[in-house]
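For reference, the structure discussed in these notes is given below.
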Amino acid sequence: MALHLNLLHEEILAERQRQRDPLKIGLLVLAGCGAMLFIYYAWNAYQTLEIKSHLSKVQNEWAKIEPQVTAAQKRSDELNSIINSTRVLDGYIDHRFFWAPLLEKISHCVAPNVQLTAIEGVVLDDGGITISIEGMAAAREPRSAAEDLRQMLLEQLTKSYHDVKVEFKTLEDLDTMANVAGVKTPMARYNIFVSFGATEAPKPAPAPTRVKHIDESS
């Protein structure tokens, strides 16, 4: 049997112990972790630089177009202000009240023995109309003549407006007499208060037309 002698046994054992040294292994692991962290932070730093570069580019582009955006915003505000003003004016125009048709209706209610001395009208904030009518009536029964005027006003205004109210504020006899066709006639002074809604009263729907069927056989 052959005999083998290993003269490097101690050196090989020492080398194996050095390779298995926990401190060395720990240092290698720590070095590996450090390398990974370095790579990770280097990658994050690269992304950060890319983001900053993109942000700088966007800021430069915004600096170029910002004056145009600001001018467009100001112009938009001006146009909105004009549109709002136009809407308000359109509202005033669409909802304005015409006095001429009303005065025409009142004139049709005045009889020859009734005189108007003053008319004062006001348009209220809620769209309503109030009118104060002062005048004198001359007749055998002057109060009846004034009442006829009130009834005529109520009848005529109700045809075109809604919520019509026609009331006497004052109605008093006068001591003076009026000369009507050479006849002295008693007089009365009146003050009539009128109120109604400015919008026109809704017109009644037309009655349905009935069609008469003719029997051709008859």
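Nothing in this text is a laboratory measurement; each read-out follows from the coordinates by a stated rule. Treat the numbers as computed from the prediction; the structure is a model and nothing was measured. No Cβ is skipped: glycine too gets one built from the backbone with ideal geometry, and neighbour counts run over all protein chains shown.
With N as its number of residues, region 87-159 has a Cα radius of gyration that, divided by 2.2 N^0.38 Å, comes to 1.34.
Work out the FRET efficiency for Thr158 and Ile83 from their Cβ-Cβ distance, taking R0 = 45 Å, and round it to the nearest 0.05. Efficiency at R0 = 45 Å is approximately 0.70.
Show which lysines lie in cross-link reach of Lys105 when reach means a straight Cα distance below 24 angstrom and same-chain residues fewer than eight apart are skipped. Hits, sequence-local ones excluded: Lys159, Lys165, Lys169, Lys203. Most tightly packed first, judged by the mean number of other beta-carbon atoms within 10 Å of their residues, the peptides 158-167, 72-81 read 158-167, 72-81. For Tyr41, Tyr190, what ranking results if the residue with the fewest other Cβ atoms within 10 Å of its Cβ goes first? The fewest-first ordering by Cβ neighbours comes to Tyr41, Tyr190. A Cα-only calculation for region 99-200 places Rg and Dmax at 14.2, 49 Å.
With a Förster radius of 35 Å applied to the beta-carbon distance between Glu11 and Ala35, the computed FRET efficiency rounds to 0.65.
Assuming 0.36 nm per residue, please report the length gained on full extension of the stretch Phe98 to Val58 beyond their Cα-Cα distance. Please list the in-between numbers first.
Values: separation 40, 0.36 × 40 = 14.40 nm, distance 6.01 nm.
Full extension of this stretch gives 8.4 nm more.
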